[in-house]
Amino acid sequence: MYKIIELKYVEEYKFWIRFNDGESRVIDFRNLIGMGISAKLLDIEYFKLAVVDNGGGIEWPNGFDFCPNYLKEFVGIAETTN
């Protein structure tokens with residue numbers, strides 16, 4: 001199982017993420033948020049409040065989260081940086 005070990009806000013709806021296998025990538029979340037519980041994340045200041053949760057995923061204060069395995073293997077939204 002993958003885990004996120006480092007998370008940094010880049011710009012707009014993008015985070016730079018480092019996984020526990022050493023790979024890092026920039027992920028653009030813009031097309032992954034905006035409906036239901038994730039609508040609050042369209043407020044960029046709220047979007048920036050993401051943290052790495054205890055399971056190694058990304059979580060926001062309202063409980064919306066992303067599984068690290070999903071982010072690691074999702075094709076088309078990630079740009080590997082190493």
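Read-outs: derived from the displayed coordinates by stated rules, not from any lab. Source: prediction; values computed, not measured. Heads up, the Cβs are rebuilt from the backbone with ideal geometry, glycines too, and the neighbour counts pull from every protein chain shown.
Rounded to the nearest 20 debye, the dipole size of the chain about its Cα centre is 20 debye, using +1 on the Cβ of Lys and Arg and -1 on the Cβ of Asp and Glu. Can you tell me the relative contact order of the chain? Whole percent, Cα pairs under 8 Å, sequence separation 6 or more. Normalised by residue count, the contact order of the chain is 31 percent. If I take all pairs of Cα atoms in the chain, what percentage of them are more than 16 Å from each other? More than 16 Å apart: 45 percent of the Cα pairs in the chain.
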